[in-house]
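First up is the structure itself, then whatever we jot down about it.
The values are calculated or read from the model by the stated rules, or taken from the named source; none is laboratory data. As the structure is a prediction and not an experimental result, all values here were calculated from the model. So basically every Cβ, Gly included, is an ideal-geometry build from the backbone, and we count neighbours across all protein chains shown.
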Amino acid sequence: MPKKSRSNPQSKASAPGNTETWYRLDLSAIVYPTLQRRNFSSVYRLSVLLKDPIRPDTLQQAADIALQRFPTYKVAIRKGLFWRYLEPNHRPGPFVQPDIHNPCMPMYFKSGNRYLLRVYYYDRRISLECHHSLGDGTGGMCVLQTITAVYLRLLGAEIEAGGFVLDVDSPPDPEELEDAYMRYANALVRPARPAEKTYRIRGTLEPFHTLNIIDGILSVREVNAVAKKYHATITEYLNSVLLYALLRKQAADSSFRPRPVRIAMPVNLRRFFPSRTLRNFITMVYPYIDPRLGEYTFEEIVLQVRNYMRYYINEKFLRGDITTNAATKRNPLIRIVPLFLKDIVVRTFYRRVQDKNSSAGLTNMGAVSVPEGMKPYIDRFDIYMGQPFSSRTNCAVISYGDILTVNFASCIVEADVERLFFRKLVQDGIHVKIESNRTFREALP
């Protein structure tokens, strides 16, 4: 068995599934620990709402059983001389906890027995919070649904494995553990990235750590019908509505120098490149509107977004994008730069350039399916992107059956963008039910 090295995790890891395996951070995961600070942590949340109240003791049993199936999630993060890496975590935990008012709290690497995920419960809801250095929403959904399936089995339900529910009695597939970026980062050209500053929301920061949650509960049929009127998909339509809200907000701010409005939208690369990885395998695209070119009607915004999506979201452009990302990791000179210097450069670049490239974030996990045996027990799913790095709002979308949830998360007092977003949906004839962890003086729509 290869010897595990804490100082140089560039050496080859041992065989997948071995309890002494350590894992290099994948191409996306490298950035997230670097951006960690006292009031920010790259944590996202996935939730499932069941039909019956949660039994905490049984949920703890389910988590203990299910997490053995996910070796890249039952880990702790460590620092080497040149890179961070993940090593197996055999400490007790993670422990199931009652839910909290402000989700996605910063996840300090040495707290909670060094686990990088949390499991919460409240009434009928099970929530999984995961640090992005472990994986993206697809991997997190596999963990959440597998825990939920084991929980329901312990209560007597018969639920088969399939889809997001993995077989806890089988060893992990080696492909689940891979850094899939490096397999497909082989384009012959590296496309340039957008570098122009965008409109930024100016708001009143909430006290640490206050995360303002606003959920919109919609009908998939209604949203799809409206999207079709604009000759758009649901994702294109919702991106257009968010851009519309941001443009209205910028105009209301009486800005003398309007800037482009751009959305950072993750794309699930598994749709384009065959991979079963449970780690990060996403890249970002940036649909935008530039109001300096003139005033846009909503129909024109939809057209611009639709054309952008269909031009950029395809296998060729995405392969080029991940090749651009991988170039830095493959550079032999950068590989030997000490970790503390890499951290300084990455943090400075992100704060001064990358974070200013977008006005808001929007992710859409799409329609989530569950095994047939689970369907009678599930009401809906939710997803939250967590606290933004700077003063803005993040939006996450997920659907199950005919229920589509739009979940906003921000760390500022003002909810102008969210109000304009949902007001536009109502104007288009979509019924919206609002839920929130905060109190508003007026109805959002």
Candidates Pro98, Pro56, Pro94, Pro103, filtered to the one that is at pLDDT 95 or above and surrounded by 19 or more Cβ atoms within 10 Å (Cβ to Cβ): Pro94
Any hit, the stretch 348-366, residues being more than 22 Å from the chain's Cα centre (by Cα), more than 30 Å from Tyr151 (Cα to Cα) and among the small types (Gly, Ala, Ser): no
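Of a type in the set (D, E, K, R) and either at positive phi or part of a helix (DSSP H, G or I) (or both) - does that describe any residue in the stretch 223-232?
yes
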Of all residues in the stretch 327-353 being touching a Ser or Thr at 6+ places or on another chain (Cβ under 7 Å) and of a type in the set (Val, Ile, Thr), the one that is nearest to Pro33 (Cα to Cα): Val346
Filter pass, Ser391 being among the small types (Gly, Ala, Ser), surrounded by 15 or more Cβ atoms within 10 Å (Cβ to Cβ), at pLDDT 90 or above and touching a strand residue (DSSP E or B) at 6+ places or on another chain (Cβ under 7 Å): no
Conditions (1) more than 24 Å from the chain's Cα centre (by Cα); (2) assigned by TED's automatic domain parsing to the domain that holds Gln427; (3) part of a loop (DSSP other than H, G, I, E, B); number of the one not met by Val189: (2)
Qualifying residue in the stretch 122-135 (condition: under 19 Å from the mean Cα position of the chain (by Cα), in a loop (DSSP other than H, G, I, E, B) and hydrophobic (A, V, I, L, M, F, W, C)): yes
Test set (1) within 19 Å of Ala251 (Cα to Cα); (2) buried (at least 20 other Cβ atoms within 10 Å of the Cβ); (3) out of contact with any helix residue (DSSP H, G or I) (no Cβ under 6 Å at 6 or more places or on another chain); (4) at pLDDT 95 or above - Arg423 fails condition number: (2)
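Each row is one residue, and each column tells you yes or no for (1) surrounded by 20 or more Cβ atoms within 10 Å (Cβ to Cβ); (2) over 18 Å from the mean Cα position of the chain (by Cα); (3) among the charged types (D, E, K, R); (4) part of a loop (DSSP other than H, G, I, E, B).
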| position | (1), (2), (3), (4) |
| --- | --- |
| Arg259 | no, yes, yes, yes |
| Pro266 | yes, no, no, no |
| Thr277 | yes, no, no, yes |
| Tyr296 | no, yes, no, yes |
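Evaluate the following for Asn407: is it surrounded by 15 or more Cβ atoms within 10 Å (Cβ to Cβ) and in contact (Cβ under 8 Å) with a residue 40 or more places away in the chain? Explain how you work it out, then say what you get.
On the way: surrounded by 15 or more Cβ atoms within 10 Å (Cβ to Cβ): yes; in contact (Cβ under 8 Å) with a residue 40 or more places away in the chain: yes.
Answer is yes for this residue.
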Pair list, Cβ < 7 Å and 6+ apart or interchain, from the stretch 290-303 residues that are within 19 Å of Gln427 (Cα to Cα) to residues that are part of a loop (DSSP other than H, G, I, E, B): Glu299/Tyr230; Val302/Tyr230; Val302/Ala232
Out of Glu158, Glu176, Glu196, sole residue that is in contact with a Lys or Arg (Cβ under 6 Å, 6 or more places away or on another chain), among the acidic types (Asp, Glu) and either within 30 Å of Ile263 (Cα to Cα) or touching a residue at least 12 places away in the same chain (Cβ under 8 Å) (or both): Glu176
Subset of the stretch 316-342 [in a helix (DSSP H, G or I) and farther than 16 Å from Ser28 by Cβ]: Lys316, Phe317, Gly320, Pro332, Leu333, Ile334, Arg335, Leu339, Phe340, Leu341
Extreme residue, nearest to Glu129 (Cα to Cα), among residues of the stretch 346-404 that are β-branched (Val, Ile, Thr) and in a strand (DSSP E or B): Ile383
Residue among Leu246, Leu218 that alone is part of a helix (DSSP H, G or I), among the hydrophobic types (A, V, I, L, M, F, W, C) and crowded, with 21+ Cβ neighbours inside 10 Å: Leu246
Filtered residues of the stretch 298-341 (kept if within 30 Å of Phe82 (Cα to Cα), surrounded by 12 or more Cβ atoms within 10 Å (Cβ to Cβ) and either polar (S, T, N, Q) or touching a helix residue (DSSP H, G or I) at 6+ places or on another chain (Cβ under 7 Å) (or both)): Leu318, Arg319, Ile322, Thr323, Thr324, Asn325, Ala326, Thr328, Ile334
